[in-house]
Amino acid sequence: MDRACWLTIIGLGEDGPAGLTSASLDALACAEVVMGPERHLTLIPESAAERITWPVPFADGLTKLETLRGRNTVVLASGDPFWFGAGSVIARQFAPSEWRALPGPSVFSLAAARLGWPLETTTCLGLHAAPFERLRPHLAGGTRAILTLRDGPAVGELARYLSSLGFGTSPMLVMEALGGPREKTRETTPDSLDFDDIQHPVAVALTFKGATPLTKASGQPDDIFQSDGQITKRPIRALTLSALAPKPGETLWDIGAGSGSIAVEWLMSDPTTQAVAIETRPDRLPNIRANARALGQDRLQVVEGRAPSALENLSEPDAVFIGGGLNRDLLDWLWTRLAPGTRIVANAVTLDTEALLVDAQAEHGGHLLRVELAEAQPLGRFRGWKAAYPLVQWSVTR
């Protein structure tokens, strides 16, 4: 082997060396060091190579791996290391010339092969090191999912989570040690799960059946968000997100986030988007975090502080929404600091902030929109229109 390429990442199945390619077997035979979880180390035959158990927490193993640079080293991972596995994390630590990967069949591939499910239309999620709420946007009747889980007890925790959302009657297959001599599959539902002798490694396959799913359109119902009343209402939220126009890979600053509904829905638009919610009031931060987690968007970054000082050390945004704390100093700071091409959307309800946006549009251009909404409400024995405060929205590209 080229000494520059000293690290080989091997995807190992539950059948051990029996399922490995000749290239993987050759790499193991030549290794000076083999590093991996204790379970994987027990699956390979004895050799002269030094064996190192990957420590917990995972990051400590990366530090150890650094010290092995230059020695012929094999790292053992599960199945396909680059599908919800350790491969991408390890690869980020080293130059492309230092490592190579020899993947095996993933748990998802093995599960689909048992079930006859097409992977291209099946939701596949690694929940072994992620909150169950990541599943929330995918919960819809008839949708199929294959999920990897941390251990046996996590299956019961997942079942309780699904039951709490009204998906407790979904057919669920609990699959243990796929591809190995201990392989075992049992059928149940979240509501009727009555066994707890589930062995690691474990995955579950579900065909969801149950409650009303989240919409894919902008403007989620107001009642799915926790708030103290400070929330951008659904029709205005839909208009605001349309103006912000999220695209894959983009980052949003949500200034004066309130309940965080704009930032959360920005993240819901695509799994590659990022968002930062900036809020001055510490009592609102728990609601922002709770909304992000409950809707499967736990990647939301929450910052306590007042703009613009709270913005100084943040990653550059592609779009900025100002929902609270609007003033002239903030607008001037954004206009001078943001990169050309950054989209800015600001909403104003008061006459004072409306005047700011009118002046800003005259100076910098962009589009001004005045929105007046009314909702039918009881009026004695009849019904009448109850008008909301008019809103002015300014949208512009820096």
C5/D359 FRET efficiency (R0 51 Å; Cβ-Cβ; nearest 0.05) = 0.25
ask   = According to the square roots a ≥ b ≥ c of the eigenvalues of the Cα gyration tensor, what is the shape class of segment 191-314, taking rounded for a/c under 1.5, prolate for a/b larger than b/c otherwise, and oblate for the remainder?
value = prolate
query = Residue separation times 0.36 nm, minus the C-alpha to C-alpha distance between R289 and T185: what's the value?
reply = 33.8 nm
task = Measure nothing but the geometry: give the 0 to 90° angle between the long axis through the Cα atoms of 152-164 and the longest principal axis through the Cα atoms of the chain, rounded to 10°.
result = 30 degrees
task = Just flag the trypsin sites (Lys or Arg not before Pro) in segment 207-241 sitting in loop per DSSP whose Cβ has no more than 12 other Cβ atoms within 10 Å.
result = K216
key: Relative contact order of segment 222-397, defined on C-alpha pairs under 8 angstrom at six or more residues apart (%)   = 18 percent
request  = State the Cα centre-to-centre distance between segment 269-342 and segment 48-101 in whole Å.
outcome  = 35 Å
query = Of G179, G229, G16, which is the most mobile in a GNM of the chain whose springs link Cα atoms less than 10 angstrom apart?
reply = G229
request  = Please label the shape of segment 145-264 as rounded, prolate or oblate, based on the square roots a ≥ b ≥ c of the eigenvalues of the alpha-carbon gyration tensor (a/c under 1.5 means rounded; beyond that, a/b larger than b/c means prolate, else oblate).
outcome  = prolate
note = If R0 = 22 Å, then A140 and R160, at their Cβ-Cβ distance, give a FRET efficiency to the nearest 0.05 of 0.65
In range of the label at C30: residues from segment 68-112 whose backbone nitrogen is under 12 Å from the point 7 Å along Cα→Cβ = 72-74, 100
remark   = In cubic angstrom per residue, the convex hull of segment 222-397 built on its Cα atoms measures 119 Å³
ask   = What net charge is computed for the residues neighbouring I288, neighbours being all others with C-beta under 12 Å from the C-beta of I288, Lys and Arg scored +1, Asp and Glu -1?
value = -2
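Which of the GluC sites (Glu not before Pro) across segment 175-234 are loop residues per DSSP, with 16 or fewer other Cβ within 10 Å? Let's see the in-between values first.
On the way: sites: E176, E183, E187; in loops: E183.
Of the GluC sites (Glu not before Pro), the ones in loops of segment 175-234 whose Cβ has at most 16 other Cβ atoms within 10 Å are E183.
Grab the Cα-Cα distance for V89 and L379, subtract it from 0.36 nm times how many residues apart they are, and report the gain in nm with one decimal.
Working: separation 290, 0.36 × 290 = 104.40 nm, distance 6.06 nm.
98.3 nm is the gain from fully extending V89 to L379.
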ask   = Which Cα, out of S192, A211, T148, lies furthest along the positive dipole direction of segment 117-238 (beta carbon charges, K/R +1, D/E -1)?
value = A211
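Where Lys and Arg each count +1 and Asp and Glu each count -1, what net charge lies around S395 among other residues with Cβ under 13 Å from its Cβ?
Values: positive: R343, R370, R398; negative: none.
So the environment of S395 carries a net charge of +3.
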ask   = What is the distance, in nm, between label points placed 7 Å from the Cα along the Cα-to-Cβ direction at K386 and at A23?
value = 6.6 nm
request  = Using a 10 Å cut-off on Cβ atoms, rank the peptides 56-62, 150-156 from the highest mean neighbour count down.
outcome  = 150-156, 56-62
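What is the gain in length, in nm to one decimal, between S97 and T336 on full extension, counting 0.36 nm per residue of separation less the C-alpha to C-alpha distance? Mind showing how you got there, number by number?
Details: separation 239, 0.36 × 239 = 86.04 nm, distance 4.14 nm.
Extra length from S97 to T336 when fully extended: 81.9 nm.
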ask   = What nm distance separates the two modelled labels at T121 and A59, each placed 7 Å from Cα along Cα→Cβ?
value = 4.2 nm
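Need one word for the chain: rounded, prolate or oblate. Basis is the Cα gyration tensor (sqrt eigenvalues a ≥ b ≥ c); a/c below 1.5 gives rounded, then a/b vs b/c decides. Walk me through the numbers on the way to the answer.
Details: a/c = 3.12, a/b = 1.69, b/c = 1.85.
In terms of gyration-tensor shape, oblate.
At R0 = 22 Å, how high is the FRET efficiency between L314 and A245 if r is their beta carbon distance? Nearest 0.05 is fine.
Details: r = 20 Å, r/R0 = 0.92.
With a Förster radius of 22 Å, E is 0.60.
If you take every residue apart from V34 with its C-beta less than 14 Å away from the C-beta of V34, what net charge results, scoring Lys and Arg +1 and Asp and Glu -1?
Values: positive: R39, R51, K64, R71; negative: D26, E32, E38, E46, E50.
Around V34, the surrounding residues sum to -1.
Determine the calculated [θ] at 222 nm for the chain from helices alone, applying -39500 (n - 2.57) to every DSSP H run no shorter than 4 residues and normalising by the residue count; nearest 500 deg cm²/dmol. Mind dumping the intermediate values first?
Details: 11 runs with 104 residues, N = 398.
Rounded to the nearest 500, it is -7500 deg cm²/dmol.
Just so you know, all these numbers are worked out from the coordinates, no wet-lab data involved. Quantities reported herein were computed from a predicted structural model and do not represent experimental measurements. Methodologically, a virtual Cβ is constructed for each residue, glycine included, from the backbone with ideal geometry; neighbour enumeration extends over all protein chains shown.
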